[in-house]
């Protein structure tokens, strides 16, 4: 088996575990951490697939996905703490 495929399987398993944390998380912040971990895992999976399939345009997709995930986690955390977004 290829090392890239093993990495993809392991990251998929950890993404599923973080999805469980998102669903049954006791607090909103546990759900937010699970979402952040899931975004990171999916970004690494996309980057690994770019190398494995020799399609480097997927790196652009991974970069946009990571930026959107980061911005959404920041926006949700500011919403949960009660702060305004423009400050």
Handout entry: (1) 25, 21, 15; (2) 28, 18, 5; (3) 36, 12, 8, with the label sought being that of the calculated semi-axes √(5λ) of the Cα gyration tensor in Å
Key = (2)
Handout entry: Estimated FRET transfer efficiency (residue 30, residue 67; beta-carbon r; R0 25 Å; 0.05)
Key = 0.60
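So what's the back-of-envelope 222 nm ellipticity for the chain, counting only DSSP H runs of four-plus at -39500 (n - 2.57) apiece and dividing by all residues, rounded to 500? The partial results should precede the final answer.
Numbers: 3 runs with 72 residues, N = 87.
Only helices count here, giving -29000 deg cm²/dmol.
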Fill in the blank from the handout: Highest GNM mean-square fluctuation among 14, 43, 27, for the chain with Cα springs under 10 Å, belongs to 27
Practice task
Please provide three numbers in whole Å: the alpha-carbon extents of segment 2-45 along the principal axes, with the largest listed first.
Solution key: 38, 15, 8
Exercise for the section: With springs connecting C-alpha atoms under 10 Å apart, model the chain as a Gaussian network and identify which of 11, 68, 35 has the largest mean-square fluctuation. Expected result: 68
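Please give the contour-minus-distance gain from residue 49 to residue 13: 0.36 nm per residue of separation, less the Cα-Cα distance, rounded to one decimal in nm.
On the way: separation 36, 0.36 × 36 = 12.96 nm, distance 1.59 nm.
Extra length available between residue 49 and residue 13 comes to 11.4 nm.
Any read-out appearing in this document is the output of simple, stated calculations on the displayed coordinates, not a laboratory observation. Small disclaimer: the values here were computed from a predicted structure and weren't measured. Cβ coordinates were reconstructed from backbone atoms using ideal geometry, including for glycine residues, and neighbour counts include every protein chain displayed.
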